Amino acid sequence: MTNLHRYIPMTEQDQADMLATIGVQSTEELFRDIPEAIRYRGVLPMSGALDEISLLGHMKELAGRNADTDSYASFLGAGIYDHHVPVVINHMISRSEFYTAYTPYQPEISQGELQAIFEFQSYICELTGMAVANASMYDGVTALSEAGALAAGATKRSRIVISRAVHPEARETVRTMARGLNLEIVEVGYANGVTDLAELQAAVTAETAAVLVQSPNFFGCLEDLSAIEPIIHGVKGLFVVSTNPISLGLIEAPGKLGADIVVGDAQPLGISQSLGGPTCGFFAVAEPLMRRMPGRIVGQTTDIDGKRGFVLTLQAREQHIRREKATSNICSNQALLALCASIYLSTMGKQGLQDVANLNLQKAHYASARLAEQPGIALAFPAPFFNEFVIRLPEGTSVKELNLKLLEAGVLGGYDLGLAYPELAGHMLVAVTEKRTRAEIESFASRLGELA
């Protein structure tokens, strides 16, 4: 007997019906907004069928073309960093209990996953000096935009002030969020590598919901949080700080300096660069803002027998409660990558995190000193910095061309600041992590001196 229920995802009649419903004559019309010149109408350059051995060989050859950080010394940061990832992390997260786990809706069968998230929250609170952290965010950029939304909702105000020293992509994401919520975004400039406090003071008004800063900021410089805090709290707004978690092994926690919301990206905490993502964001708040946090929180409780257990407690996202009551439409967390961060912090311990942070600080300052010795190269800003800093190259130097020459020499150069800051054309943002050796730093400095 003929099978009358074969799986055919779309018949010709289905297509015709859909096209008629939306009022177009052909699928070609659906793409009319795409310029003709960039449409591809030929045959894709594909080989014939390959057996498994040949396919694996082909894929390895393609992968070998990447300038990976195992083969190249990387001085590129700007949000994604070449930190050491302890081997225990990949071993642990590859366990099927974690690797295949989804949202722990059923606590009775998800205690391991829930405990792992609870530990992540606890670590983040300890690092940031805040009272409550959620079960992670997509990334640090998303977390910052959600912090702006939270501040607007909590204060019933529509004006957000953000420093131009915040990561350019984060500022764009905040603007995207603001358009949907009808919020006004005001950017204030920087002076000597940090937020211009005089300009900030002038921009903050009684209508300001929050001030958003980053420390260490995009230039690697440390902001004076204790000077910014009274400016925004003086008008009863919220103080939002985005930070690098590794730096918190050395510098004071933002929560101890008056921050109401602390966010950031956990990528430095044992998460591979993976060509730019995925990463994991963290989000921590002072206790009065707990119920306004996006995402979800895992809480500790006891069962009817008095045994310790974990459950999803506050869940303010739209999937769990009435949409109009939701604080955010953030629809997932990054539990596996949050686990990476938790394993990293538990493996390193308090002293280990301090040691890694100190190595980043010392090596970055050694590199800056060696670079400043090169003819025509100078540090751009006098402000204190952590593991990134800005150098000014000789007049007329193309950072793009310079990086191509460095690449040929087996070095990944720094970020071209002219891409996001036209006034900083000819400036390079250099990142130095604990992985960089003295020999690599000295070689980079001498090559840069020769090529610039």
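The values are calculated or read from the model by the stated rules, or taken from the named source; none is laboratory data. All of these numbers come straight from a predicted model, not from anything done at the bench. Quick reminder, even Gly has a Cβ in these numbers, built from the backbone with ideal geometry, and neighbours come from all protein chains shown. Side chains are part of the model used for accessible areas, which takes the heavy atoms of the whole protein and leaves out ligands, DNA and RNA. Shrake-Rupley method; radii C 1.70, N 1.55, O 1.52, S 1.80 Å.
Looking for something within 34 Å of the chain's Cα centre (by Cα), among the hydroxyl-bearing types (Ser, Thr, Tyr), at pLDDT 90 or above and within 30 Å of LEU417 (Cβ to Cβ) - is there at least one such residue anywhere in segment 79-89? Yes, the conditions are met somewhere in segment 79-89. Restricting segment 58-79 to residues that are loosely packed, with under 12 Cβ neighbours inside 10 Å and not aliphatic (A, V, I, L, M) leaves a set whose member that is nearest to ASN244 (Cα to Cα) is ASP70.
Selection of segment 226-255 for residues being of a type in the set (D, E, K, R) and either farther than 18 Å from ALA147 by Cα or under 19 Å from the mean Cα position of the chain (by Cα) (or both) yields only GLU252.
Within segment 147-196, the set of residues being among the polar types (S, T, N, Q), within 22 Å of the chain's Cα centre (by Cα) and open to solvent by 60 Å² or more (accessible area, probe 1.4 Å) comprises THR176 only.
Taking the conditions (1) part of a loop (DSSP other than H, G, I, E, B); (2) modelled with pLDDT under 90 in turn, ASP14 satisfies each one other than (1).
The set of residues from segment 245-275 being in a strand (DSSP E or B) and either surrounded by fewer than 24 Cβ atoms within 10 Å (Cβ to Cβ) or β-branched (Val, Ile, Thr) (or both) comprises ILE261, VAL262, VAL263.
For segment 420-440, the set of residues classified as surrounded by fewer than 22 Cβ atoms within 10 Å (Cβ to Cβ) and more than 17 Å from GLU395 (Cα to Cα) consists of ALA420, GLU434, LYS435, THR437, ARG438, ALA439, GLU440, listed by residue number.
Within segment 398-419, being open to solvent by less than 30 Å² (accessible area, probe 1.4 Å) and part of a loop (DSSP other than H, G, I, E, B) holds for GLY410, GLY413, GLY414.
Scanning segment 81-101 for residues that are among the hydroxyl-bearing types (Ser, Thr, Tyr) and either in contact with a Ser or Thr (Cβ under 9 Å, 6 or more places away or on another chain) or in contact (Cβ under 8 Å) with a residue 12 or more places away in the chain (or both) yields TYR81, TYR99. Does segment 62-76 include one or more residues that are in contact (Cβ under 8 Å) with a residue 40 or more places away in the chain, touching an Asp or Glu at 6+ places or on another chain (Cβ under 6 Å), within 27 Å of PRO268 (Cβ to Cβ) and in a loop (DSSP other than H, G, I, E, B)? Yes; the residues of segment 62-76 include at least one that is in contact (Cβ under 8 Å) with a residue 40 or more places away in the chain, touching an Asp or Glu at 6+ places or on another chain (Cβ under 6 Å), within 27 Å of PRO268 (Cβ to Cβ) and in a loop (DSSP other than H, G, I, E, B). A single member of SER346, SER332 is open to solvent by 10 Å² or more (accessible area, probe 1.4 Å), under 19 Å from the mean Cα position of the chain (by Cα) and under 30 Å from ALA147 (Cβ atoms), and it is SER332.
Restricting attention to segment 349-364 and to residues that are of a type outside the set (S, T, N, Q) and open to solvent by 40 Å² or more (accessible area, probe 1.4 Å), the residue that is farthest from ILE246 (Cα to Cα) turns out to be LYS363. When restricted to residues that are out of contact with any helix residue (DSSP H, G or I) (no Cβ under 6 Å at 6 or more places or on another chain) and surrounded by 16 or more Cβ atoms within 10 Å (Cβ to Cβ), segment 367-377 contains 1. Scan segment 26-64 for residues that are farther than 29 Å from GLU12 by Cα and β-branched (Val, Ile, Thr) and report the count. Final tally of qualifying residues: 1. Take ALA206 and tell me if it is open to solvent by 50 Å² or more (accessible area, probe 1.4 Å), among the aliphatic types (A, V, I, L, M) and within 12 Å of ILE232 (Cβ to Cβ). Yes, satisfied. The set of residues in segment 378-392 that are open to solvent by 10 Å² or more (accessible area, probe 1.4 Å), part of a loop (DSSP other than H, G, I, E, B) and in contact with a helix residue (DSSP H, G or I) (Cβ under 9 Å, 6 or more places away or on another chain) contains only ALA380. Taking the criterion of being among the aliphatic types (A, V, I, L, M), in contact with a helix residue (DSSP H, G or I) (Cβ under 8 Å, 6 or more places away or on another chain) and assigned to a helix (DSSP H, G or I), the residues of segment 93-123 that qualify are ILE93, LEU114, ALA116, ILE117.
The single condition among (1) of a type in the set (Asp, Glu); (2) assigned to a loop (DSSP other than H, G, I, E, B); (3) open to solvent by less than 90 Å² (accessible area, probe 1.4 Å) that GLU28 does not meet is (2).
Hey, among the residues in segment 89-114 that are among the β-branched types (Val, Ile, Thr) and open to solvent by 70 Å² or more (accessible area, probe 1.4 Å), which one's nearest to THR313 (Cα to Cα)? The residue in question is ILE109. Taken across segment 236-244, residues that are open to solvent by 10 Å² or more (accessible area, probe 1.4 Å) and part of a loop (DSSP other than H, G, I, E, B) do occur, with at least one present.
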